[in-house]
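Trainee: A single structure is presented below for examination.
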Amino acid sequence: MTEQELIQGCLYNDMLAQRELYNRYSPKMLALCYRYAQNREDAEDMLQEAFVKVFSKMHTFQNKGAFEGWIRRIMVHTCINVLKRNKKFADHADISEAFDLQLHEESIASILQAKQVVACIRLLPVGFRTVLNLYAVEGYNHKEIAELLDIGESTSRSQYARAKSALLNLLIQKKIIQYPQQDATWQVALLPVVHKQ
């Protein structure tokens, strides 16, 4: 089925189209949910809740932009709502507590694909992990993140700065990247290290 046929089928509550849509997009969306969840079971619950919204809001998709992007936004918003509902986003700090870390954004983005890095991100406190995912992976700006999470924009910036610092420390500690020796402020690009096991 084409994407348009899937959408039309889902609009008419065709179970075959719904199953196909779920099978087509659920692996990517489960990975997205897993970045926000505490464990796989929570991620699966987020995924199910989000797909219920996808099917119930299918009539609101207006063919403006990518359909997958539309689904992705619903997933992200569902994950955030679940975290807020369960009060799992209570760990936040003011901008004055942020580290003065100048890490290149493209450095973080370029290494986010590695399984070891994703595992390290999952070790971060939920507040750090959520803001890092929203900003560095999903592309939200700090104003949008503040609105999504009901926090101040300065808190979003603080959480992001602290998340980068904590992530960098974890990556160095686990020998996923090498400690940048030339510059103590860590302004050099991160270089992934190939594990020899």
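Every number here is computed from the coordinates shown, using simple stated rules; none is lab data. Note that the coordinates shown come from a computational prediction; the quantities given were computed from them, not determined experimentally. A quick note on method: Cβ atoms are made from the backbone with ideal geometry, for glycine too, and the neighbour counts reach across all protein chains shown.
Trainee: Would you list which lysines come within 23 Å of K174, measuring only between C-alpha atoms, while excluding same-chain residues fewer than 8 positions from it?
Mentor: Once the sequence-local lysines are set aside, what remains near K174 is K115, K164, K196.
Trainee: From the phi of every residue in segment 144-155, what ³J(HN,Hα) in whole Hz does the Karplus formula 6.51 cos²θ - 1.76 cosθ + 1.60 yield, where θ is phi - 60° and glycine or proline is x?
Mentor: My calculation for segment 144-155 gives 5, 5, 4, 5, 4, 9, 6, 10, x, 4, 5, 5 Hz in order.
Trainee: Pop a pseudo-label 7 angstrom from the Cα along the beta-carbon direction at both K53 and V137 and give the gap in nm to one decimal.
Mentor: 1.6
Trainee: Quick one: L148, L11, L134, fewest Cβ neighbours within 10 Å first, how do they rank?
Mentor: Fewest-to-most Cβ neighbours within 10 Å comes out as L11, L148, L134.
Trainee: What ranking of M46, M1, M58, M15 emerges when the number of other C-beta atoms within 10 Å of each C-beta is taken as an exposure proxy, fewest first?
Mentor: Sorted ascending by nearby Cβ count, the order is M15, M1, M58, M46.
Trainee: Mind giving me the nanometre distance, one decimal, between the label points for Q38 and T60, set 7 Å out from Cα along Cα→Cβ?
Mentor: Distance between label points: 2.8 nm.
Trainee: Let me ask you something else. What FRET efficiency comes out for the pair H77/K174, r = Cβ-Cβ distance, R0 = 22 Å, nearest 0.05? Kindly include the intermediate steps, with their values, before the conclusion.
Mentor: On the way: r = 32 Å, r/R0 = 1.44.
Once rounded, the FRET efficiency stands at 0.10.
Trainee: Which residues' amide hydrogens lie under 5 Å from the amide hydrogen of I177, considering only partners 5 or more residues apart or on another chain, with H built in the peptide plane?
Mentor: Residues meeting the criterion, in which the H sits 1.01 Å from N, are I172, V193.
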